[in-house]
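Readers should treat all values here as calculations from the given coordinates under stated rules, not as data from a laboratory. In this text, all values refer to a predicted model and were calculated from it rather than measured experimentally. Neighbour counts run over all protein chains shown; Cβ positions are idealised from the backbone, glycine included.
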Amino acid sequence: MSLPREPDWLASTEAAPEAPGDGRAFGKLILAGEHAVVHGYPAIAVPLPALSALAWIVPGDEGVVIQSEGYPHVATLQTRRGPLAPLAEAARDALARMELDPLAIPPLRIQVASAIPAGAGMGSSAAVTVALVRALYRFFGIPLDPTILQDIATRSEGMVHGASSGIDPAAVAATGPIRFRKGETPHPIPLPVTLDLVVADSGERAHTGPMVAMVRTQIEADPQARATLDALGSIAPSMEQALVKGDLDTVGSLMNDAHAGLARLGLSTPKLDALALAALQGGAKGAKLSGSGGGGVVVALTTRENAHAVAKSMQEAGATSVIYTRIP
């Protein structure tokens, strides 16, 4: 059966997430384990190849300068404060690990651009950092160890969000689903089926740091909140088993459970709840907020045949943009 023509508002990609070249990183989605991963539990994440960040290097006039789309000011290796300070930290770290003296290299301008909305739970800050580090290593012709990339990006993320679990850098650098646990090497999850995902942006924005702090305060003061977090932490192992088996009905059900638990911790919003409900009403197998909460996106697991209906339902529920993507 042929698919209906996609509405103009439905951005989509059916491209398999190929290995990103140096200087590029994808967006990301978390299918299970938000917040629980900060407290030592595993999480399941996938790259979002429909959205990416790019970094490239051109000759400069003096020293190393970092310029990012959307910011009027530039950063240098001496920058310690401001929105570009994490990128400056990542550049310093990368050059040090390559054993390059910033005073001995030619003047460079590192340019960064990203199509990933900031504050939407899709790994924007991690993606631009990974893209920058990849670009630097490529420019100097030095092989980049994935472990070093993860370490540099996680340190940089700590400047953005406070203590970072490291899941965002791991996910945006991945080429498929991963199981991530703090302190462990990210583990690729083999998929016998395709994941058809519809991602709806609520248009609401929130910062990760305050949301993480809010959850920490809750679980330290309220045993019920702690029990909710523990229950959220148990979802990822079950989801991994379902993914490996290709049992998408169970994956969808677990996504619904995850959204309910995140909502009990106060991480959802009326808009996110409405989008998740709309996805289910449109025929999705499951739907949940993705990221730290308080805003951002809802990701829905559907089928290829139902993707348009799910996307339309979420758009009618108030999504500011909708993306359909397939993960092999």
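Table for the structure above
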item	result
Order of His39, His187, His73 - criterion: other Cβ atoms within 10 Å of each residue's Cβ, fewest first	His73, His187, His39
Sequence-distant residues sharing a close amide H with Ile116 (under 5 Å, placed H)	Ser52
Prolate/oblate/rounded label for the range 208-328 (Cα gyration tensor, a/c 1.5)	oblate
Positive-end residue of Gln111, Ile57, Gly121, charge dipole of the chain with Cβ unit charges	Gly121
Karplus-derived HN-Hα couplings along the range 270-285 (A = 6.51, B = -1.76, C = 1.60, θ = phi - 60°), whole Hz, x at Gly and Pro	x, 5, 5, 4, 5, 5, 5, 5, 4, 4, 5, 5, x, x, 5, 6
His187 paired with Ala85, simple spin-label distance in nm, labels 7 Å along Cα-to-beta-carbon	3.7
Order of Asp249, Asp273 under a 10 Å beta carbon neighbour criterion, fewest first	Asp249, Asp273
Value at 222 nm in deg cm²/dmol, rounded to 500, when DSSP H runs of n ≥ 4 in the chain each add -39,500 (n - 2.57)	-12000 deg cm²/dmol
Estimated dipole of the range 24-180 in Debye, rounded to 20 [Cβ of Lys and Arg +1, of Asp and Glu -1, Cα centre]	200
Cα Rg, Dmax (largest Cα-Cα span) when computed across the range 24-180, Å	15.0, 47
Which label in (1) 130; (2) 177; (3) 143 gives the computed volume of the Cα convex hull per residue in Å³	(1)
Nearby lysines by direct alpha-carbon distance to Lys285 (threshold 22 angstrom, same-chain neighbours under 8 apart not counted)	Lys28, Lys245, Lys271, Lys312
Extension reserve of the Met98-Ala113 stretch, reckoned as 0.36 nm per residue once the Cα distance is removed	3.0 nm
Which of Ser238, Ser165 has the fewest Cβ neighbours within 10 Å, and the rest in rising order	Ser238, Ser165
